[in-house]
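A.B. asks: Quick one: structure below, then a few questions.
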Amino acid sequence: MLKGILSGSILLLLSQEELYGYKLSEKLTEFGFNDIPKGTIYPLLLSLEKKKLIKGTMQPSDTGPKRKYYSLTDTGITEKDEFIMQWHDLKNSVDNLIGGSGLNANE
């Protein structure tokens with residue numbers, strides 16, 4: 001489940017701007033994804049690219065060699081929208097479960 005959430009989160013970030021792998025990892029950390037090993041991002045990017053959800057283009061860097069920047073494809077935009085709908089459904093279901101069972105974080 002975490003892999004799907006992470007993939008969806010990558011699509012969300014790439015819908016806002018083109019990013020290269022390391023910058024994408026930094027953005028995920030800014031949003032609280034602190035425990036994701038840096039080596040996890042690149043295989044996910046490769047997988048998303050193989051599925052034609054994102055595309056990568058090499059661009060020059062001011063600080064060194066060229067970097068591969070990723071952006072969403074039309075299919076990726078559709079997948080991002082699906083992820084958002086699925087996330088809302090999952091969140092509502094878990095919220096209902098927590099609320100209906102009388103559980104809270106302190107128990």
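The values are calculated or read from the model by the stated rules, or taken from the named source; none is laboratory data. Please read all numbers here as calculations on a predicted model, not as lab measurements. Backbone-built Cβ (ideal geometry, glycine too); neighbour counts: all protein chains shown. These area figures cover heavy atoms from the full protein model, side chains too; ligands, DNA and RNA do not enter into them. Shrake-Rupley method; radii C 1.70, N 1.55, O 1.52, S 1.80 Å.
A.B. asks: Count, please, the residues in segment 11-21 that happen to be in contact with a strand residue (DSSP E or B) (Cβ under 8 Å, 6 or more places away or on another chain), open to solvent by 50 Å² or more (accessible area, probe 1.4 Å) and assigned to a helix (DSSP H, G or I). Full working, then the answer.
C.D. replies: Start the filter on segment 11-21 by keeping residues that are in contact with a strand residue (DSSP E or B) (Cβ under 8 Å, 6 or more places away or on another chain), which leaves 11, 13-15, 18-21.
Checking which are open to solvent by 50 Å² or more (accessible area, probe 1.4 Å) leaves us with 15, 18.
Among the residues that remain, those that are also assigned to a helix (DSSP H, G or I) are: 15.
Number of matching residues: 1.
A.B. asks: Moving on. Please indicate, with yes or no, whether at least one residue in segment 86-97 is over 21 Å from Leu2 (Cα atoms) and touching a Leu at 6+ places or on another chain (Cβ under 9 Å).
C.D. replies: To start, the set of residues in segment 86-97 that are over 21 Å from Leu2 (Cα atoms) comprises none.
Within segment 86-97 (the criterion being over 21 Å from Leu2 (Cα atoms) and touching a Leu at 6+ places or on another chain (Cβ under 9 Å)), the answer is no, since none of the residues qualifies.
A.B. asks: Determine which member of the set Gly56, Gly32 is modelled with pLDDT of 90 or more and assigned to a loop (DSSP other than H, G, I, E, B). Walk me through it before giving the result.
C.D. replies: Details: Gly56 fails: assigned to a loop (DSSP other than H, G, I, E, B).
Only one candidate passes the filter, namely Gly32.
So that you can scan it fast, the table gives a plain yes or no per residue for (1) of a type outside the set (Ser, Thr, Tyr); (2) surrounded by 15 or more Cβ atoms within 10 Å (Cβ to Cβ); (3) part of a helix (DSSP H, G or I):
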| site | (1), (2), (3) |
| --- | --- |
| Leu6 | yes, yes, yes |
| Ser9 | no, yes, yes |
| Pro43 | yes, no, yes |
| Pro60 | yes, no, no |
| Arg67 | yes, yes, no |
| Glu79 | yes, yes, yes |
| His88 | yes, no, yes |
| Ser93 | no, no, yes |
| Ile98 | yes, no, yes |
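A.B. asks: Being among the hydroxyl-bearing types (Ser, Thr, Tyr) and at pLDDT 95 or above is the filter here; which residues of segment 35-47 pass it? Give the steps one after another, and end with the answer.
C.D. replies: In the first step, residues of segment 35-47 are kept if they are among the hydroxyl-bearing types (Ser, Thr, Tyr); the result is 40, 42, 47.
Within segment 35-47, Ser47 is the sole residue that qualifies.
A.B. asks: Further, regarding this structure: Scan segment 45-54 residue by residue and report those that are surrounded by fewer than 16 Cβ atoms within 10 Å (Cβ to Cβ) and on the phi < 0 side of the Ramachandran plot.
C.D. replies: Just the residues of segment 45-54 that are surrounded by fewer than 16 Cβ atoms within 10 Å (Cβ to Cβ), to begin with: 46-47, 50-52.
Hits for segment 45-54 are Leu46, Ser47, Lys50, Lys51.
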